[in-house]
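*Asks:* Before we start, here is the structure in question, set down as structure tokens.
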Amino acid sequence: MELGSLDLIKGLGGALLDEKIVASSSRELIIMVDETKLVNQLGAHGKVPVEIVPFGWQSTARRLEQRGWKPVLRQDSAGAPYLTDGGHHIVDCAFAANTSLQSKAAELHNTVGVVEHGIFLGMASQFT
């Protein structure tokens, strides 16, 4: 969670689409975090999970890479592609340290093959 805002990254457990559906359907979203989750810049602790359709996932990953992201297919403990509850893959995307993730969220939505991403902008109403 970015200090001074209620923007955050979720979905590291793989349920980002489901979490975002629930969050957008709720009147209020309260996020509980400890101090290790607070950052000066959104994404400072690592990667952004991006849920993509399995069909042509390599092509989607290439499009993300062409846009400056560094996608890596998430795998399960057996080494197979990790599948979300919706049957999608997740690529964990790295990015340049000075990247404003707030400005990149729309770019992710406009990438063919992307189902959802873990950047939650303006959805939380408070955190504790």
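Rule-based calculations on the coordinates, nothing more; no lab input. From a predicted model like this one, the values you see are computed outputs, not experimental measurements. Every residue, glycine as well, gets a Cβ built from its backbone with ideal geometry; the counts of neighbours run over all protein chains shown.
*Asks:* Tell me the relative contact order for the chain as a rounded percent, counting alpha carbon contacts under 8 Å between residues six or more apart. Before the final figure, lay out the partial values.
*Replies:* On the way: 211 pairs, mean separation 51.7, N = 128.
Contact order relative to length: 40 percent.
*Asks:* How much length, in nm to one decimal, is gained on full extension between VAL72 and VAL33, taken as 0.36 nm per residue of separation minus their Cα-Cα distance? Present the calculation step by step, with values, prior to reporting the outcome.
*Replies:* Values: separation 39, 0.36 × 39 = 14.04 nm, distance 2.63 nm.
My answer for the length gained is 11.4 nm.
*Asks:* For the chain, what is the calculated [θ] at 222 nm in deg cm²/dmol (nearest 500), taking -39500 (n - 2.57) for each run of four or more DSSP H residues and dividing by its residue count? It would help to have the intermediate numbers written out before the result.
*Replies:* Numbers: 3 runs with 29 residues, N = 128.
It comes out at -6500 deg cm²/dmol, rounded to the nearest 500.
*Asks:* Would you mind classifying segment 15-57 by shape? Square roots of the alpha carbon gyration tensor eigenvalues, ordered a ≥ b ≥ c; an a/c under 1.5 is rounded, otherwise it is prolate if a/b is larger than b/c and oblate if not. Could the numbers behind the result be given before it?
*Replies:* Details: a/c = 3.30, a/b = 1.23, b/c = 2.67.
Taking the square roots of the gyration eigenvalues as a ≥ b ≥ c, segment 15-57 is oblate.
*Asks:* Out of GLY11, GLY43, GLY86, any idea which swings most in a Gaussian network model of the chain, alpha carbons joined below 10 Å?
*Replies:* It is GLY86.
*Asks:* Test of understanding: in a Gaussian network model of the chain with alpha carbons linked when under 10 Å, which of SER103, SER77, SER59 would top the mean-square fluctuation ranking?
*Replies:* In this elastic network of the chain, the residue with the biggest mean-square fluctuation among SER103, SER77, SER59 is SER77.
*Asks:* Pull up all non-local amide H partners of ILE52: gap of 5 or more, or a different chain, and H-to-H distance under 5 Å with H placed in the peptide plane.
*Replies:* HIS89, ILE90, VAL91, VAL115
*Asks:* Continuing with this model, one more query. Take the Cβ-Cβ distance between ASP85 and ARG62 as r, set R0 to 25 Å, and report the resulting FRET efficiency rounded to the nearest 0.05. Don't jump to the answer; show the numbers that get you there.
*Replies:* Working: r = 26 Å, r/R0 = 1.03.
The value I calculate is 0.45.
*Asks:* Could I ask something else about it? To test your reading of the geometry: what angle, between 0 and 90 degrees and rounded to tens, separates the Cα axis of helix 57-66 from the longest principal axis of the chain?
*Replies:* 60
*Asks:* Still on this structure, I have one more. Please say if segment 1-75 is rounded, prolate or oblate, where rounded means a/c under 1.5 for a ≥ b ≥ c the square roots of the C-alpha gyration tensor eigenvalues, and otherwise the choice is prolate for a/b larger than b/c and oblate otherwise? Mind dumping the intermediate values first?
*Replies:* Numbers: a/c = 2.46, a/b = 1.50, b/c = 1.64.
Because a/c hits 1.5 or more and a/b fails to exceed b/c, segment 1-75 counts as oblate.
*Asks:* Among ALA15, ALA80, ALA105, which one shows the biggest mean-square fluctuation in a GNM of the chain, springs joining Cα atoms closer than 10 Å?
*Replies:* It is ALA80.
*Asks:* What does the C-alpha gyration tensor say about the overall shape of segment 61-128? Classify as rounded when a/c is under 1.5, otherwise prolate if a/b is larger than b/c, or oblate. It would help to have the intermediate numbers written out before the result.
*Replies:* Details: a/c = 1.78, a/b = 1.25, b/c = 1.42.
It comes out oblate by the Cα gyration axes.
*Asks:* A follow-up question, please. Using just the Cα positions, wrap the chain in a convex hull and report its mean projected area in square nanometres, one decimal place.
*Replies:* 7.9
*Asks:* Between ALA97 and VAL112, what length in nm is gained on full extension when 0.36 nm per residue of separation is reduced by their alpha carbon distance?
*Replies:* 2.9 nm
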